[in-house]
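The values are calculated or read from the model by the stated rules, or taken from the named source; none is laboratory data. In this text the structure is predicted, and so the values were computed from the model without any measurement. Positions of Cβ are generated from backbone atoms using ideal geometry, with glycine treated the same way; all protein chains shown enter the neighbour counts.
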Amino acid sequence: MGDERWDEAIAALHRFLGLIGDSPDRLVAHQNLGACYLALERFDEALAALDEVERLQPEDPDVFYSRGVTCACAARLPEAIAVFELLKRRWPQQARQYEVKEDIQQLGRIQSGKLPPGTYLLEHLKEQIGINTDLGDFHLVEHKARRMIAAVPERPEGHFALGIACLEQDRYPEALESFQAAHARDPRYKPTIYNIGHTCLKLERPAEALVWLERALRRNPKNLAALHQLGVACERLGRRDEAIAWWQRALKLDPNYYLAQQRLHEIGEGPPPVEPPHPLEAAEFHRLLPLIKKRMRHPKIFRNGGLTLSCQSGVGYVLEDAENPLNGTIYMGGPFNVGGFELEEDLLDFMGMVKMLLHTIDAHNTRDVAILVYYADGSTFNYQARFQRGKRVGDDAHGQFIVTEAPRFFKLRMDSDLVTPYGNPMQGKLIYLSQHPKPAVLVSTLGLEGTR
């Protein structure tokens, strides 16, 4: 499921159900089957799986929410609205109430003809695509983008997402065609204009790129990426002075903009690029580091290359990265619950589970999500996404999270209103620590048993 190999997951879950009899694990298996069938748009089978979940656990609001989502994706609007209204009445304190109200409003607009019938499914896929893009799963982005286009061909989002997927897979002519299709459907859709220019540069058509990038800059005069690409386009056209002017303009907006520094240095018009100054968070980390370590009288210390994790149950932990001082984590509080993996296969299952968890997190019920992965070969993947009042306000991604590669250190930070078996709501940090030959999981229960 973490890799979205839904058919294989369904087959495995059915085999599992055939082996476990009346075990309580049947509940989770049917929940997972419902999710798999929904992802494949096999709506009747998804609802049948949810019938089994409701039979086993009749008073679970999450079952009703899943049923509402499934009916809405299937465009069974009266049934979906009825389920969401029931959820709203019976569980007024349930964490998803904000989403439920929005769902009811949107479904009402679809039912009245103000929105196309496939709008809910499109938005459902669009939310997933945001996570797939951040995780570098562009084959999944492409598949879901085509489903979005089939659901509502007149909307730009599916065509735009398909363009991004093709661009990231170096299929530039297809990317340009998709971006142009998105632009034709909504010329006001801002990201499209820049990406058309960017793709034209990839196709070695700098004169054409220049036109689109200038339009993108008029829409957003502080678009550093557009300024950088305008310089690249001018350089390829032999207009050196104009290229310099664009890069210098970018540096006036942000003196630490690395790409502009690098370009100017490469053509002999500037000093070597420098890394930006450390943010205040990094300075605070280094200020607190000796204080926290002093409180840990008997810490357990684990090392992997430049990484050091020091932790003591009931006190806290410190994760340091000697190779990159900007990477570091301090947590004070506890206690910690520690579990281990018996088999290497369990490790990959865990990674898949975490990746699947990311698909369930959205801006409406999550305030802050951050992941930090360190691979055994020393390369680093870093992903952050920040949410405020239901909107994503920032993200940063470098590298690719591949579920079949087992990192040495894996950390997921979550501050969420999600209802989970670990608390209602669950708030805390989950750290994967691979310490050969006994990998283990370290979980702090911030917000449940301990204090910050």
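So the values come out like this:
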{"item": "Cross-chain or 6+ apart pairs with Cβ under 6 Å, segment 135-157 first and part of a helix (DSSP H, G or I), then among the β-branched types (V, I, T)", "result": "V141/I129; V141/T133; K144/I129"}
{"item": "2 or more residues farther than 25 Å from A29 by Cα: qualifying helices (runs of 4 or more DSSP H) within segment 57-114", "result": "77-90, 97-111"}
{"item": "In segment 33-63, the residues that are buried (at least 19 other Cβ atoms within 10 Å of the Cβ), within 25 Å of A145 (Cβ to Cβ) and of a type outside the set (G, A, S)", "result": "C36, Y37, L38"}
{"item": "Any chance P117 is at pLDDT 90 or above, surrounded by fewer than 18 Cβ atoms within 10 Å (Cβ to Cβ), farther than 18 Å from A182 by Cβ and not aliphatic (A, V, I, L, M)", "result": "yes"}
{"item": "Within segment 1-18, tally of residues that are crowded, with 17+ Cβ neighbours inside 10 Å and free of Cβ contacts under 8 Å to residues at least 24 places away in the same chain", "result": "1"}
{"item": "Hits in segment 146-174 (condition: among the aliphatic types (A, V, I, L, M) and within 26 Å of E208 (Cα to Cα))", "result": "A161, L162, I164, A165, L167"}
{"item": "Count of residues meeting criterion [assigned to a helix (DSSP H, G or I) and modelled with pLDDT under 95] in segment 171-207", "result": "2"}
{"item": "Residue check, R5 of a type in the set (K, R) and modelled with pLDDT under 95", "result": "yes"}
{"item": "Per-region count, segment 296-342, residues among the acidic types (D, E) and modelled with pLDDT of 75 or more", "result": "1"}
{"item": "Any hit, segment 161-176, residues being out of contact with any helix residue (DSSP H, G or I) (no Cβ under 8 Å at 6 or more places or on another chain) and of a type outside the set (D, E, K, R)", "result": "yes"}
{"item": "Qualifying position, being in the same structural domain as W212 (by TED's automatic domain parsing), under 26 Å from D3 (Cβ atoms), surrounded by fewer than 18 Cβ atoms within 10 Å (Cβ to Cβ) and among the aliphatic types (A, V, I, L, M), among A184, A150", "result": "A150"}
{"item": "Conditions (1) under 21 Å from P191 (Cα atoms); (2) charged (D, E, K, R); (3) surrounded by 15 or more Cβ atoms within 10 Å (Cβ to Cβ): number failed by E235", "result": "(1)"}
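Residues are listed down the side, and each one gets a yes or a no for (1) assigned to a helix (DSSP H, G or I); (2) in contact with a His (Cβ under 9 Å, 6 or more places away or on another chain); (3) at pLDDT below 95:
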site	(1), (2), (3)
A209	yes, yes, no
L217	yes, no, no
A225	yes, yes, yes
L230	yes, no, no
G238	no, no, no
I244	yes, no, no
N256	no, no, yes
L259	yes, yes, yes
P273	no, yes, yes
